[in-house]
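Novice: Here's a structure for you.
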Amino acid sequence: MGVAATIGVPAAIDPDDDLRTEAADRGATALPAPTLDVRRMPRGAPTVLVVLGGLATLLAFPPYDLRMLAVLGPAALALAVHGQRARSGAWLGLASGLAFFIPHLAWAAEYLPAWPWLLLALWQATYLALMGAGWAVVSRLPGWPVWMAALWVGAEALRGRWFVGGFPWGRLGFSQPDGPFTALAAFGGVPLVGFGVALTGTVLAAAILSHDSGQALRRGVATLAVPLVAATGWLTLGEQSLSGQAQAVTTIAIVQGDVPQAGLDFNARRRAVLDNHVEATLALAADVAAGRRSAPDLVIWPENSSDIDPLTNSDAAAAINRAARAIDVPILVGAVLSGPGPDSVSNVGILWDPDTGPGQIYTKRHPVPFAEYIPARPLLERATDLVDMVGRDFVSGNEVGVFDVAGVRLGDLICFEIAYDDLTADVVDAGAGVIVVQTNNATFGFSDETYQQLAMARMRAIEHGRPVVVASTVGISAFIAPDGSLVESTELFTRETLVAEVGLRQADTVASRVREGPEWVLVVVGLLAWAYGTFLHRRAREAGQP
């Protein structure tokens, strides 16, 4: 009851009381009566069940990487909410969400007080509470495992877009950069992978609830195996076909310069960070001249590699010029520019030519709320002085991040932008043959954040059939093949330089062509099932049924 009171559930109400409703309240169903009746569980047992399921799902994500445990979260929640009222479903969804998001997002408190992290976890868990209410309703319908999995996609679609632009971190599909569900990404993106994982969990729950659990499980496995095997086979054939074709190749260098100190003050010595990247590039140029390293066609520096505005500061510009002329190829520089206006700044990627200096610029389209800008700043300034840490708000760019350089079309994403389906799809639509992620992980120390972000980048490679290049200030920097495998990567908080040949992908995946189409189909299916279940329930009540 302590947890319930904390989040605003009246202390006089036990959320598990609704779990012991009469069988008639479940309405008509085509499924046989379950052998496991969750309504007869001891008080609090359903909550414990979903908490354990949420923790199991956590272990499917990096750095634990126990992929198949991802199905246990949906399975446990499906068991707990089956045949129950919406209110109980909402509570159980919230409990499952808190069990997952509190540890999964612990990196948010690495250098901050605990309350912003816990508030973020609660915010994300409320979407699962809404989904849990829907799951309780559709659990009365025939085919409920499918409708539940579709509603899972709907909940992730909502929390990835609303509010303040959404926060899609921790989506179920991001747990699967390799494994039996991974190939689905090439056909329907991260949402289809999440649907496959959730459906496996709900089918498992149906098998446990069934009179003939063995037969139900075999039928469910067979149903899931056909699309999974087909997807894997098609993706493999596609990879072999493309590898057999002549593809353009470019050589790219990643410079990970490291920072003087980790934490929120990583760039308190901004010139030292810039000098680190300059010196690492000069060392690379010396190795190339001596024949120890291959000569790159392009060098990529990470986000925040120059937090001194090189367009207004001549010393910063001279330092970057020195590095670019030494390596004698363009450098994609991650920089912070002053303006527009006196109270704002821009997080950008600048293509710096060794002869002509700064050229094309991409401005980050999705700055992170509460980290790079403060929504409702005057109101929040009254509540906490933490907003003072963001002295000037970052503005949003309005152009897709595409650079034409060295015969390559690069699609540039900055840091958390890799988590957003539409931003990634936009650069592919604009013709990018390589996806670049410029990121800065120094603010999260040695936490799980960098591993989680790398898994997202790997999923994007599979989803769009493109090589992905991740350049971080402190790691993990990496070259990722179109099949999501790591070609080469760095360690955390080291100064390292990677050089690799990157094949430019010329063909689009199905997911690249259909974009958000499969996601919206699943969202509509889930909402229609919820609406129909609600209608049947209301009709039964109007007819005087219990």
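The values are calculated or read from the model by the stated rules, or taken from the named source; none is laboratory data. As the structure is a prediction and not an experimental result, all values here were calculated from the model. Counting neighbours? That spans all protein chains shown, and the Cβs are built from the backbone with ideal geometry, glycine included.
Novice: Being assigned to a helix (DSSP H, G or I), in contact (Cβ under 8 Å) with a residue 40 or more places away in the chain and in contact with a helix residue (DSSP H, G or I) (Cβ under 8 Å, 6 or more places away or on another chain) narrows it down to one of ALA149, ALA155, so name that one.
Specialist: None of the other options fit; the residue is ALA149.
Novice: Now for a different question. Run THR473 past the list (1) hydroxyl-bearing (Ser, Thr, Tyr); (2) buried (at least 24 other Cβ atoms within 10 Å of the Cβ); (3) closer than 18 Å to THR251 by Cα and report the number of the one that doesn't hold.
Specialist: So THR473 meets the others, but not (3).
Novice: Let me ask you something else. List, please: which pairs have Cβ atoms under 6 Å, are six or more places apart or on different chains, and start with a residue in segment 281-295 that is under 22 Å from ALA319 (Cβ atoms) and touching a residue at least 40 places away in the same chain (Cβ under 8 Å) and end with one that is in a helix (DSSP H, G or I) and aliphatic (A, V, I, L, M)?
Specialist: Hits for this filter: THR281/ALA323; THR281/ILE327; LEU282/ALA326; ALA285/ALA326; ALA285/ILE327; ALA295/VAL288.
Novice: Pick out the one residue from ALA76, ALA24 that is at pLDDT 95 or above and not in a loop (DSSP other than H, G, I, E, B).
Specialist: Numbers: ALA24 fails: at pLDDT 95 or above.
Matching residue, one of ALA76, ALA24: ALA76.
Novice: I've got another one for you. Name the residues in segment 256-294 that are modelled with pLDDT of 95 or more, surrounded by 15 or more Cβ atoms within 10 Å (Cβ to Cβ) and polar (S, T, N, Q), would you?
Specialist: Of everything in segment 256-294, those that are modelled with pLDDT of 95 or more, surrounded by 15 or more Cβ atoms within 10 Å (Cβ to Cβ) and polar (S, T, N, Q) turn out to be GLN256, ASN276, THR281.
Per-residue answers, yes or no, for (1) among the small types (Gly, Ala, Ser); (2) crowded, with 18+ Cβ neighbours inside 10 Å:
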site	(1), (2)
ALA45	yes, no
ARG67	no, yes
LEU77	no, yes
ALA80	yes, yes
TYR111	no, no
ALA125	yes, yes
VAL138	no, yes
LEU141	no, yes
TRP144	no, yes
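Novice: Moving on to the next point. Is there a residue in segment 38-55 that is at pLDDT 95 or above, over 18 Å from the mean Cα position of the chain (by Cα) and among the charged types (D, E, K, R)?
Specialist: Among the residues of segment 38-55, not one is at pLDDT 95 or above, over 18 Å from the mean Cα position of the chain (by Cα) and among the charged types (D, E, K, R), which makes the answer no.
Novice: Do you know which residues across segment 409-424 are over 14 Å from the mean Cα position of the chain (by Cα) and surrounded by 22 or more Cβ atoms within 10 Å (Cβ to Cβ)? Break it down stepwise before answering.
Specialist: Of the residues in segment 409-424, the ones over 14 Å from the mean Cα position of the chain (by Cα) are 409-412.
The answer is LEU410, GLY411, ASP412.
Novice: Within segment 378-403, which residues are surrounded by 12 or more Cβ atoms within 10 Å (Cβ to Cβ), outside any loop (DSSP other than H, G, I, E, B) and of a type in the set (D, E, K, R)?
Specialist: Answer for segment 378-403, where residues must be surrounded by 12 or more Cβ atoms within 10 Å (Cβ to Cβ), outside any loop (DSSP other than H, G, I, E, B) and of a type in the set (D, E, K, R): GLU381, ASP393.
Novice: List the residue pairs whose Cβ atoms are under 8 Å apart, where the first residue sits in segment 113-139 and is without any contact (Cβ under 8 Å) to a residue 60 or more places away in the chain and in a helix (DSSP H, G or I), the second is buried (at least 23 other Cβ atoms within 10 Å of the Cβ) and of a type in the set (Val, Ile, Thr), and the two are 6 or more positions apart or on different chains.
Specialist: If the second residue must be buried (at least 23 other Cβ atoms within 10 Å of the Cβ) and of a type in the set (Val, Ile, Thr), the pairs left are GLY132/VAL81; TRP135/VAL81; ALA136/VAL81.
Quick grid of which residues meet (1) in contact (Cβ under 8 Å) with a residue 24 or more places away in the chain; (2) over 24 Å from ALA272 (Cβ atoms); (3) in a strand (DSSP E or B):
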position	(1), (2), (3)
THR312	yes, no, no
ALA317	yes, no, no
ALA324	yes, no, no
VAL329	yes, yes, no
GLY349	yes, no, yes
GLN360	yes, yes, yes
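Novice: Which ones in segment 95-112 are assigned to a helix (DSSP H, G or I) and hydroxyl-bearing (Ser, Thr, Tyr)? Even if it seems obvious, please write down each step before you answer.
Specialist: Initial filter on segment 95-112 (assigned to a helix (DSSP H, G or I)): 95-104, 106-109.
Across segment 95-112, the qualifying residue is only SER96.
Novice: Still on this structure, please answer the following. Checking the conditions here, which among PHE493, PHE479 is part of a loop (DSSP other than H, G, I, E, B), crowded, with 17+ Cβ neighbours inside 10 Å and not assigned by TED's automatic domain parsing to the domain that holds TRP144? Can you show your working first?
Specialist: Values: PHE479 fails: part of a loop (DSSP other than H, G, I, E, B).
Step by step, each of PHE493, PHE479 is checked, and only PHE493 is part of a loop (DSSP other than H, G, I, E, B), crowded, with 17+ Cβ neighbours inside 10 Å and not assigned by TED's automatic domain parsing to the domain that holds TRP144.
Novice: Is there any pair with a first residue in segment 51-78 that is within 22 Å of ALA207 (Cα to Cα) and a second that is aromatic (Phe, Trp, Tyr) whose Cβ atoms are under 6 Å apart and which are 6 or more apart or on different chains, and what are they?
Specialist: If the second residue must be aromatic (Phe, Trp, Tyr), the pairs left are GLY54/PHE100; THR57/PHE100.
Novice: Sticking with this structure for a sec: Based on what the data block shows, is ASP353 acidic (Asp, Glu) and touching a Pro at 6+ places or on another chain (Cβ under 6 Å)? Lay out the reasoning, then the answer.
Specialist: Values: acidic (Asp, Glu): yes; touching a Pro at 6+ places or on another chain (Cβ under 6 Å): yes.
For ASP353, the condition - acidic (Asp, Glu) and touching a Pro at 6+ places or on another chain (Cβ under 6 Å) - is met.
Novice: Hey, another quick one. Please identify the pairs in which a residue from segment 436-447 that is under 21 Å from ARG460 (Cβ atoms) has its Cβ atom under 6 Å from the Cβ atom of a residue that is in a helix (DSSP H, G or I) and modelled with pLDDT of 95 or more, counting only partners at least 6 apart or on another chain.
Specialist: Matching pairs, first to second residue: VAL437/ILE418; VAL437/ALA457; THR439/CYS415; ASN441/THR450; PHE444/TRP107.
Novice: Follow-up. Restricting attention to segment 283-304, which residues are assigned to a helix (DSSP H, G or I) and over 18 Å from SER477 (Cβ atoms)? Spell out how you get there, then give the answer.
Specialist: Taking segment 283-304 as the starting set, the residues that turn out to be assigned to a helix (DSSP H, G or I) are 283-289.
Once the filter is applied, which keeps residues that are assigned to a helix (DSSP H, G or I) and over 18 Å from SER477 (Cβ atoms), segment 283-304 yields ALA285, ALA286, VAL288, ALA289.
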